[in-house]
Amino acid sequence: PCPRSSFDVAVVGAGIVGLAAARELIQRHPSLAFAVLEKEQEPAHHQSGHNSGVIHSGIYYTPGSLKAKLCVQGAALCYKYCDQKGIPYNQCGKLIVAVEHDEIPRLKALYERGLQNNVPGLKLIGAKEIQEKEPFCRGLMALDSPYTGIVDYKQVAQSYARDFQEAGGTILTDFEVTNMEMAKESSPESEDGLKYPVIVRNKKGEEISCGHILTCAGLHSDRLSEISGCSPEPRIVPFRGDYLVLKPEKCYLVKGNIYPVPNPRFPFLGVHFTPRMDGSVWLGPNAVLAFKREGYKLLDFSTGDFLDAVSYSGLWKLVLRNVSYGLGELYRAFSLSAQLKQLQKFIPEVTTNDVLRGPSGVRAQALDSDGNLVDDFVFDGGTGNVGSRILHVRNAPSPAATSSLAIAAVIADEVERRFQL
């Protein structure tokens, strides 16, 4: 399919993490041959092109976790990269708003956590200052994070792809990997067989050979791991988030990001207001189990994906622990007025007439067999001939887009360590 079909390293998955990692690797090792394999016709087609577009500042994450460190580093790198490349962004800030008295202690704890994570510019503000920043928002107290911003991550990912190609990397689209195996015994005189012993095949039967594989497959990371003979755990369970959008004439209601104080009892963040680079404002998302890994519509269904999810004991453990929350989310997915009730706590002016159903995203939520949401990054290789030549990025949770350049450095270090590049 292409003039060159053997590569030192093949990266599977042209989402923002795969592209950032490929870019970082080729910059460190310009003399090696790199390919990125992507099953869609274009990069950044799934999570990277269906997210809220927020450049997160790193407040929420457990101090000392990889997530916290990489988010704070990644946000700084993201702004710098956008400046260098002329990619537009808006550092519009974010308020995490307490609307009930019992949320105030949790808000103060978040502030302390943000300070421990070295998030720049944080301060706690009162009701009057909330109104100065967000005239239509009401709250008792808020955590003001001026460093939070918004950007179009699809543009960022496409720019990574260009950097990678300009440095000599190859991107093969429409290349859905279905098989990875060692080449059959090569004759001793064939040099290439020893250098590129792994054969990667796609759906159409085309193949490339390579020395090592890095997978960054997001929603399909567990399946690729299984194909390569590595562990199926943690499993990916897809959650769909549906957004509402404010009608254009109502966008003046929101200036920056407005978020609720997260409830530690529930796995997801709750609905928030997110301005977008195109001037629109997204409200949401809810979080419901998606019956298709790339199902962006309310009733999308894939039998295989559905059976995969419901046959997994970890999912049932999660569901049973969160029954009432899950039913509430399901109800909100179909009922606009239920979703609005949540939003009106922050901006009372918003009515049913001001919103339309908007886009959806599907997040790859890694779950272990005990039903715990895997919160931090998981890197994983395998044993055996193929397994030892593969590094799987099993879980790159939000804020992976914000952190992509910082994650890329960690992945590249890990690739160098394992494969002695």
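The values are calculated or read from the model by the stated rules, or taken from the named source; none is laboratory data. Keep in mind that this is a model prediction, so the values were computed, not measured. Because the Cβ atoms are built from the backbone with ideal geometry, glycine has one as well, and the counts that use them run over all protein chains shown. When the accessible area is computed, the model is the full protein with side chains, heavy atoms only, and any ligands, DNA or RNA have been set aside. Shrake-Rupley method; radii C 1.70, N 1.55, O 1.52, S 1.80 Å.
If each of residue 112 and residue 181 carries a label point 7 Å out from its Cα toward its Cβ, how far apart are those two points in nm?
Placing both labels 7 Å along Cα→Cβ, they lie 5.7 nm apart.
Using the heavy atoms of the protein chains alone and a 1.4 angstrom probe, what is the accessible area of the chain per residue in square angstrom?
42 Å²
Could you tell me which of 388, 35, 54 has its Cα farthest along the dipole of the chain towards the positive end, charges placed at Cβ (Lys, Arg +1; Asp, Glu -1), taken about the Cα centre?
So the residue we want is 54.
Based on the Cα coordinates of region 237-305, what is the per residue volume of their convex hull in Å³?
Looking at region 237-305, the number lands at 100 Å³ per residue.
Give me the percent of the accessible area of region 236-373 that comes from carbon and sulfur atoms, probe 1.4 Å, all protein chains in place.
60 percent
Rounding to the nearest 20 debye, state how big the charge dipole of region 1-101 is about its Cα centre with +1 on each Lys and Arg Cβ and -1 on each Asp and Glu Cβ.
Taking the Cα centre of region 1-101 as origin, the dipole is about 240 debye.
What percent do you get for the relative contact order of region 216-332 when only Cα pairs under 8 Å and 6+ apart count?
Dividing the mean separation by the residue count of region 216-332 yields 23 percent.
Taking the Cα centre of region 322-403 as origin and charging only Cβ (+1 Lys, Arg; -1 Asp, Glu), how large is the dipole, in debye to the nearest 20?
Approximately 240 debye in magnitude.
Starting from the 7 Å offset along Cα-to-Cβ, what nm value, one decimal, do you get for the label separation of residue 324 and residue 369?
Computed distance between label sites residue 324 and residue 369 equals 3.2 nm.
Looking at the chain only, what percent of DSSP beta bridges run antiparallel? Nearest 5 please.
About 70 percent, rounded to the nearest 5.
Towards the positive end of the charge dipole of region 194-319, with charges on Cβ (+1 Lys, Arg; -1 Asp, Glu), say which of 208, 252, 296 has the farthest Cα.
252
Measure off, as a whole percent, the carbon and sulfur share of the 1.4 Å-probe accessible area of region 121-170, all protein chains present.
Ligands and nucleic acids excluded, carbon and sulfur reach 49 percent.
In debye to the nearest 20, how big a dipole does the chain give about its Cα centre with +1 on each Lys and Arg Cβ and -1 on each Asp and Glu Cβ?
About 1100 debye.
Rounded to the nearest 500, what is the chain's calculated 222 nm mean residue ellipticity when only DSSP H runs of at least 4 contribute -39500 (n - 2.57) each, over all residues?
-9500 deg cm²/dmol
Springs between alpha-carbon atoms under 10 Å, Gaussian network over the chain: tell me which of 280, 52, 360 tops the mean-square fluctuations.
280
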